[in-house]
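Asks: Below you'll find the structure I mean.
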Amino acid sequence: MSVRKKGLLAAGAAVVALTSLVVSTVGGMQTTIANPTANQQTPRLLAQGQKPITIVFPSRADSTDLQNKANAVAKLLSQELKTPVKAQVSDDTAAVEALRANRADIAFLSSRPALKAEQLANARLYLAEVRDNYSGRYTYSSTFVVPNNSPLKTRNSAKATLEQLRGKRMAFTSPTSGSGFIIPVAELVKQGFVENRDRVDRFFGQVAYGGNYSKALQAVVRGQADVAVVSEYALNPPYITPQEKSQLRVLYKITGVPAHGIAIDDDVPAPTRERIINALLKLNQSQNNQLLRNLYNSTELVRVDHDRHLAPIRNALKLAGIEP
């Protein structure tokens, strides 16, 4: 039994002592155990219905009006599951914390937060997002981008291509970005250029962090950096304009970066979890697909194996010397 579950049992005992009434939830069904003196409360509590399922939708750069779009998805899922579904909008960190604290049952997560959710909440990724601008359907590439007129050229090997970056000005996305830092640093370690993430400044002449894809790319466009590293889909609006894109080219790419997906907490019983997965897959149907596209421009959800899907980011973290 996990520490978290022990804590929940202790909390449950406290509720018994204070109210002489426990309401337990298993698979969305409520069972009421009442003290004889509290029998008159039982019908009212049972009539309140099932416990809502809570889904967290993290904000992303290419998502707008996300709460309303998430509410529309929650409404469909509620109809499919015959259970109230509540949509919450936050960020990846808050989503992982909500899973850990049992304030959420499901969360849309990118790959590194999905590993954190596994570590802290024993949640697992069951579905991944497919996008038209992912080169690998539900994987994409981390790309090293340079100006169109850069003297740097794509060579016949990764080592020869990346060797040209020695002493150059690098604009990473952020120290927490999978495709904008972790994956490329792991590649530099793999090729023998750096020891770990704390040694990148010994290879590059200058290291900066744009904070997001747009700013990292714009640093290259404006001549403030010689190279930036971003996800392949960031080379399109809304991240940069067509005019900015025309001034850039891809020097090198690392394929197989795990797409964002949907994690479900381990406290959700297996039969309920399967019902949730099947309900989410209804978003692939033509009559519902626009709801999915509205969220994050995804076109489809596909089942994935948690360990296999996240293996590239797990391995990259290890190579780069970064905790999950």
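The values are calculated or read from the model by the stated rules, or taken from the named source; none is laboratory data. Quantities reported herein were computed from a predicted structural model and do not represent experimental measurements. Note that each Cβ is placed from the backbone with ideal geometry, even for glycine, and that neighbours are counted across all protein chains shown. Calculation scope for accessible area: heavy atoms of the full protein, side chains included, ligands and nucleic acids excluded. Shrake-Rupley method; radii C 1.70, N 1.55, O 1.52, S 1.80 Å.
Asks: Apply the Karplus parameterisation 6.51 cos²θ - 1.76 cosθ + 1.60, with θ equal to phi minus 60°, to every residue of the range 117-134 and state each ³J(HN,Hα) to the nearest whole Hz, in sequence, with x for glycine and proline.
Replies: Running phi through 6.51 cos²θ - 1.76 cosθ + 1.60 with θ = phi - 60° gives 5, 5, 5, 8, 10, 6, 7, 9, 7, 10, 9, 10, 8, 9, 10, 5, 9, 9 Hz.
Asks: Right, another one. Highest mean first, how do 98-106, 58-66, 247-255 rank when packing is the count of other Cβ atoms within 10 Å averaged over residues?
Replies: 98-106, 247-255, 58-66
Asks: In addition: Out of residues 5 or more away from Ser150 or on other chains, whose amide H comes under 5 Å of its own, with H placed 1.01 Å from N in the peptide plane?
Replies: none
Asks: Along the range 79-92, what does the Karplus equation 6.51 cos²θ - 1.76 cosθ + 1.60 (θ = phi - 60°) give for ³J(HN,Hα), rounded to whole Hz, x for Gly and Pro?
Replies: Result, rounded to whole Hz: 5, 5, 8, 6, 9, x, 10, 10, 9, 10, 10, 8, 10, 4.
Asks: A follow-up question, please. Beyond 27 Å between alpha-carbons counts as too far, so tell me which of Lys86/Lys116; Lys245/Lys318; Lys116/Lys168; Lys168/Lys253; Lys153/Lys190 fall in that bin.
Replies: Where the Cα-Cα span goes over 27 Å, the pairs concerned are Lys245/Lys318; Lys116/Lys168.
Asks: Counting only residues 5 or more places away or on other chains, whose amide H sits under 5 Å from the amide H of Leu127 once H atoms are built in the peptide plane?
Replies: Ile262, Val304
Asks: Taking the Cα centre of the range 165-324 as origin, sum charge times position over the Cβ atoms of Lys and Arg (+1) and Asp and Glu (-1), and report the length of that vector in debye to the nearest 20.
Replies: It works out to roughly 560 debye.
Asks: Which three lengths, in whole Å and largest first, does the range 210-324 cover when its Cα atoms are put on their principal axes?
Replies: So the three principal-axis extents are 55, 40, 21 Å.
Asks: Right, here's the next one. For the range 70-166, what does the accessible surface come to per residue with a 1.4 Å probe? Please give it in Å².
Replies: Accessible area per residue: 43 Å².
Asks: Taking N as the number of residues in the range 131-191, what is its alpha-carbon radius of gyration divided by 2.2 N^0.38 Å?
Replies: 1.21
Asks: If I histogram all Cα-Cα distances within the range 75-197 using bins 10 Å wide from 0, what percent of pairs lands in each bin?
Replies: Spelled out per bin, shortest first, that is 10, 29, 30, 17, 9, 3, 0.
Asks: Given a 1.4 Å probe, how much area per residue of the range 226-284 is accessible, in Å²?
Replies: Computed with neighbouring chains in place, this is 38 Å² per residue.
Asks: Next question, about the same structure. How large is ³J(HN,Hα), in whole Hz, for each residue of the range 283-298 in order, when computed from phi with the Karplus curve 6.51 cos²θ - 1.76 cosθ + 1.60 and θ = phi - 60°, using x for Gly and Pro?
Replies: 5, 6, 5, 3, 6, 10, 5, 5, 4, 5, 4, 5, 5, 9, 6, 7
Asks: Assigning unit charges at the beta carbon (Lys, Arg +1; Asp, Glu -1) and nothing else, what dipole magnitude in debye, to the nearest 20, does the range 57-176 show about its Cα centre?
Replies: About 440 debye.
Asks: Applying 1/(1 + (r/R0)^6) with R0 = 45 Å to the Cβ-Cβ distance of Ser157 and Arg60, what FRET efficiency is obtained, to the nearest 0.05?
Replies: After rounding, the FRET efficiency stands at 0.85.
Asks: So, in nm, how far is label Ser174 from label Asn236 when the simple model puts each one 7 Å beyond its Cα toward the Cβ?
Replies: Between Ser174 and Asn236, the label points sit 2.3 nm apart.
Asks: Can you list the residues, at least 5 places off or on another chain, whose amide H is less than 5 Å from the amide H of Thr54, using H built in the peptide plane?
Replies: Distant-sequence amide H within range of Thr54: Lys86, Asp105, Ile106.
Asks: For the range 100-227, give the percent of accessible area contributed by carbon and sulfur heavy atoms, probe 1.4 Å, rounded to a whole number.
Replies: 42
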